[in-house]
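Visitor: Please read through the structure below; I'll follow up with questions.
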Amino acid sequence: MSTDVLTMHASVARAATTCAHCGLQVPDGLIESSREEQFCCSGCETAFAILHDHGLDSYYGFTERRVGPVRASGRTYEEFDHPAFTSLYVRETAGGRMRTELYLEGIHCASCVWLVERVPLLQTGVVRSELDVRRSLAVVEWDSAAVDLSTIARTLDALGYAPHPFRGVARADMRRKEDRAMLVRIGIAGAIAINVMLTSLALYAGEVNGMELRYEQFFRWMSFAITIPAFIWPGRVFFSGAWAALRTRTLHMDFPIAIALAAGLVRGAINTIAGSGPIYFDGLAVLIFALLVGRFLQQRGQRLATDSTELLHAIAPDTARIVEQGRLREIPASALLPGMTLDVRAGESFAADGVLLEGRTTVNAALLTGESRPTRVERGGAVYAGTLNVEAPVRVQVKEAGESSRIARLLQQVESSAARRAPIVLTANRLAGVFTAIVLVLAIGTFALKTQWNAPHALDDAIALLIVTCPCALALATPLAITVAVGRAAGNGMLIKGGDALELLARPAILVLDKTGTITEGRTSLVEWHGPEWVKPLVLSLESGSSHPLAEGFRSAWPDFTTTVAEDAQHVVGGGLMGRVNGHRVCVGSPRFVATQTNASLRTLPSITGTLTPVHVAVDGELIAAAGLGDAIRADAEQALNDLRARGWRTMILSGDAPEVAAAVGHSLGFGDADIVGGATPEDKLACVERLKTQGTVVMVGDGVNDAAAIATAHAGIGVHGGAEACLSTADIYLTHPGLTPLVTLHDGARNTLRVIRRNIAFSIGYNLIGAGLAMTGILSPLIAAVLMPASSITVVLGSWYGMTFPRRTTR
């Protein structure tokens, strides 16, 4: 056989060789003919050895498993053993073990779960390792005397699952304690209910077959004794809520429940002492159990619906690129720690607050400062999470990240302000109080009338009425819908501080808009160009070294042209620039200045719109081109304004710019003369808004700096993208996305939210009316009422969660 044929066969054999761990093709240079298993990289070889040595070869039996080489970072993870890390992310369990939650990279299927949960077999001292595959979150418990957390982290890293601390561990720990306490209550209430039902079975059997009086009395007192602890601890939550309602003189939803439970206990105790009549203890014990289960499910549903972590993710990036041992790795932004080094490229947002270690760049900090033009940041300068790196790649040392960053602290104000109650919320709460009072009257009347008629289940019917008509669903209908809508709006770049603003925006009103930065871009840009393409690189080359706003306008308009160094460049103050580019004498500047450098008439080129700054270009003494630079109208402005007008809004311009400029912009967008006000000072804007408030609801939209007073005075204030920290503190709503289209989305979302609220209230009232009728007629028992009561609340929770308010954000 020839050498060529042998080579061909060898190549085919190598091409068919796959990695024993990940299944990918093994590079030719890594194939070892003397070894049965072949590996595509050292990481896969290490992972395979770990699994094989510990008898976990069944991992390779999964039909779906990780496809891709194991990229172990090689980190020591020494910071995981630091006391500061321990205080932030590690908790001690009741048994003296340590517990933490780690975000793992590379999680995607069942084989990952299987492997991660067998870490206790791989590492001595690890007691438990459980993985939530949906969130890539592993719960690890270990004996700190036997193994360090850094050792566990290195084991996970060697398997290809690089670990990172979970920043929400404190909140999760608090929620876990709350859930554990509630589950203990439910467990105790359930155990009591079972034992009371067993004693009740004996009494029921005695009613059918007969029972001696002494045994009947024994079982009555036994039921009473077992039921008392259910009231003392598990059922105490309802009486605590009722007592709080009395102290605040508010008919809380726990009030009718507490009355129903107390009435049943007192009547059962009286009958027990008397030795005759129903005792109700089995029904009461089961009722407490069912009510606690319903409350637990309701709280879990509310927690899911009201989780507001989207606020931070709506602004800051989800991932960050860190530098470790000279290598770049991408990790979740939530895993960043102070002291880490970030690699941030041009066009990317900073994931944390920090200082520049390497490089220099310009940063668009409009989100925080309101400055529409990028600012220069040198080495040692501060940068903030959510701001944009405009110009060049840089390295940043992390100082503050996640919830401690500057933008997160600002958003905490938004989150806390979201509790502000809209008028419709207050109306719903008053309605719930009135409804509770009516129910109490009906329950007393039902008991009194049925007792007078000698009805056998008078107390049962009254208790069922009090339970089934608990206004939980009615009280949840409005605030829950608003809270969900606020979270969804944040996912769409609209930070809403309170439900009152949502209610105002649901109906057409007077929309007052600032011009600069709101209707227009708020920065100098090239709006008109009359000239040949070949001139553009010459203009850019001459303007490349200038810091003038007009030069920035040219650079932003033509980013793709290649420039050369201009020779003999001269800047004439008040005139323009002159210089030699590629052998051509180029002059760029005002028409009057350029005219002095040429013999051509200014009328040989098309005129520039009056609201723009005209710039002429001459090459080799000949007038070649004309440009118009200025504050361009936003591309979506006309369509968005027309959409709002079609929905019934009256739109106005209230600008501090020159009246003729404001008029030119307004007329181009369909504003009438009466709806355009130019040359307005901040005091004028304030007075104008106050005057308009006498005509109806006023919504003011501005940049949150020079419009701050008007925004604060209007019924609802909206700060636009680039509106600074003052915008978050003054405006009711802050738009993180540029343009006017978010205003249309905001109105539609607010209108949809009110629709969901009305639907929830209608369902709650309808349910309560039907339930009350069934209870008063004796069809509904207290136990069935206890099951139906939380079901109605859960229905409202689901209705609010799945209601079409604002669009769901599908990507980040």
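The values are calculated or read from the model by the stated rules, or taken from the named source; none is laboratory data. Owing to the predicted nature of the structure, the values given are computational and were not obtained by experimental measurement. Methodologically, a virtual Cβ is constructed for each residue, glycine included, from the backbone with ideal geometry; neighbour enumeration extends over all protein chains shown. What goes into the accessible areas is simple: the full protein's heavy atoms, side chains included, and nothing from ligands, DNA or RNA. Shrake-Rupley method; radii C 1.70, N 1.55, O 1.52, S 1.80 Å.
Visitor: Quick one: in the range 86-119, which of the residues that are of a type in the set (Asp, Glu) and surrounded by 14 or more Cβ atoms within 10 Å (Cβ to Cβ) is modelled with the lowest pLDDT? Reasoning before the result, please.
Guide: Of all residues in the range 86-119, those of a type in the set (Asp, Glu) come to 92, 101, 105, 117.
Add one more test, that the residue is surrounded by 14 or more Cβ atoms within 10 Å (Cβ to Cβ), and what stays is 101, 105, 117.
On the way: Glu101: 85, Glu105: 73, Glu117: 85.
It comes out as Glu105.
Visitor: Oh, and also: Which fully enclosed strands (runs of 3 or more DSSP E) of the range 510-596 have 1 or more residues being farther than 25 Å from Glu660 by Cβ, over 49 Å from the mean Cα position of the chain (by Cα) and modelled with pLDDT of 85 or more? Write out each step before concluding.
Guide: Details: elements: 510-513, 520-530, 567-572, 576-581, 584-589.
Qualifying strands (runs of 3 or more DSSP E): 567-572, 576-581, 584-589.
Visitor: Give me the residue from the range 270-289 that is open to solvent by 20 Å² or more (accessible area, probe 1.4 Å) and assigned to a helix (DSSP H, G or I) and, out of that set, modelled with the highest pLDDT.
Guide: Within the range 270-289, the match that is modelled with the highest pLDDT is Ile273.
Visitor: Those residues that are touching a residue at least 60 places away in the same chain (Cβ under 8 Å) and over 49 Å from the mean Cα position of the chain (by Cα), I need them from the range 608-624; list them, please. Spell out how you get there, then give the answer.
Guide: Filtering the range 608-624 down to residues touching a residue at least 60 places away in the same chain (Cβ under 8 Å) leaves 608-609, 612-613, 615, 617, 619, 624.
Within the range 608-624, Val617, Val619, Ile624 meet the criteria.
Visitor: Inspect all residues belonging to the range 504-511 and state whether any of them is of a type in the set (D, E, K, R) and more than 26 Å from Ala626 (Cα to Cα). First the steps, then the outcome.
Guide: Within the range 504-511, the first condition is being of a type in the set (D, E, K, R), and the residues that meet it are 507.
When the remaining residues are screened for being more than 26 Å from Ala626 (Cα to Cα), the result is 507.
Yes - at least one qualifying residue is present in the range 504-511.
Visitor: Based on what the data block shows, is Ile784 modelled with pLDDT of 85 or more and open to solvent by 60 Å² or more (accessible area, probe 1.4 Å)? Even if it seems obvious, please write down each step before you answer.
Guide: Working: modelled with pLDDT of 85 or more: no; open to solvent by 60 Å² or more (accessible area, probe 1.4 Å): yes.
Against the criterion (modelled with pLDDT of 85 or more and open to solvent by 60 Å² or more (accessible area, probe 1.4 Å)), Ile784 does not qualify.
Visitor: A further question on this structure: Considering the range 746-765 alone, what residues qualify as being open to solvent by 60 Å² or more (accessible area, probe 1.4 Å) and under 20 Å from Asp732 (Cβ atoms)?
Guide: Listed by number, the list holds a single entry, Arg751.
Visitor: May I pose another question? Within the range 222-236, is even one residue touching a helix residue (DSSP H, G or I) at 6+ places or on another chain (Cβ under 8 Å), charged (D, E, K, R) and at pLDDT 85 or above? It would help to see each step written out before you state the result.
Guide: Taking the range 222-236 as the starting set, the residues that turn out to be touching a helix residue (DSSP H, G or I) at 6+ places or on another chain (Cβ under 8 Å) are 222-224, 226-227, 229-231, 233-235.
Keeping just the survivors that are charged (D, E, K, R) gives none.
For the range 222-236, residues touching a helix residue (DSSP H, G or I) at 6+ places or on another chain (Cβ under 8 Å), charged (D, E, K, R) and at pLDDT 85 or above: absent.
Visitor: Residues of the range 136-162 being assigned to a loop (DSSP other than H, G, I, E, B) and either among the hydrophobic types (A, V, I, L, M, F, W, C) or without any contact (Cβ under 8 Å) to a residue 12 or more places away in the chain (or both), which ones? Let's see the steps before the verdict.
Guide: Step one: of the range 136-162, the residues assigned to a loop (DSSP other than H, G, I, E, B) are 136, 143-148, 159-162.
Matches in the range 136-162: Ala145, Ala146, Val147, Leu159, Ala162.
Visitor: Got a number for residues in the range 120-138 being crowded, with 16+ Cβ neighbours inside 10 Å and within 21 Å of Leu88 (Cβ to Cβ)?
Guide: 5
Visitor: How many of the residues in the range 211-230 are of a type in the set (A, V, I, L, M, F, W, C), closer than 10 Å to Ile192 by Cβ and surrounded by fewer than 19 Cβ atoms within 10 Å (Cβ to Cβ)? Reasoning before the result, please.
Guide: From the range 211-230, those of a type in the set (A, V, I, L, M, F, W, C) are 211, 213, 218-219, 221-222, 224-226, 228, 230; that's our starting set.
Checking the rest, the ones that are also closer than 10 Å to Ile192 by Cβ come to 226, 228, 230.
Among the residues that remain, those that are also surrounded by fewer than 19 Cβ atoms within 10 Å (Cβ to Cβ) are: 228.
Looking only at that region, the number is 1.
Visitor: Considering only strands (runs of 3 or more DSSP E) fully contained in the range 613-704, which possess at least 3 residues that are in contact with a helix residue (DSSP H, G or I) (Cβ under 9 Å, 6 or more places away or on another chain) and over 24 Å from Pro738 (Cα atoms)?
Guide: On the way: elements: 613-619, 622-633, 650-654, 698-702.
Passing ranges, in order: 613-619, 622-633.
Visitor: What pairs can you find where one residue is in the range 35-56 and assigned to a loop (DSSP other than H, G, I, E, B), the other is crowded, with 20+ Cβ neighbours inside 10 Å and of a type in the set (Val, Ile, Thr), and their Cβ atoms are less than 6 Å apart, with a gap of 6+ or different chains?
Guide: Partner pairs satisfying both residue conditions: Gln38/Val26; Cys40/Val26.
Visitor: While we're looking at this one, here's another question. Return only the number of the condition from (1) within 15 Å of Thr516 (Cα to Cα); (2) open to solvent by 50 Å² or more (accessible area, probe 1.4 Å) that Asn642 does not satisfy.
Guide: Unmet condition: (1).
Visitor: If we scan the range 695-705, do we find a residue that is aliphatic (A, V, I, L, M), at pLDDT 85 or above and within 14 Å of Thr516 (Cβ to Cβ)?
Guide: Going through the range 695-705, the residues aliphatic (A, V, I, L, M) turn out to be 698-701, 705.
Cutting the leftovers down to at pLDDT 85 or above gives us 698-701.
If we keep only those that are within 14 Å of Thr516 (Cβ to Cβ) as well, we get 701.
Looking for residues that are aliphatic (A, V, I, L, M), at pLDDT 85 or above and within 14 Å of Thr516 (Cβ to Cβ), one finds at least one in the range 695-705, hence yes.
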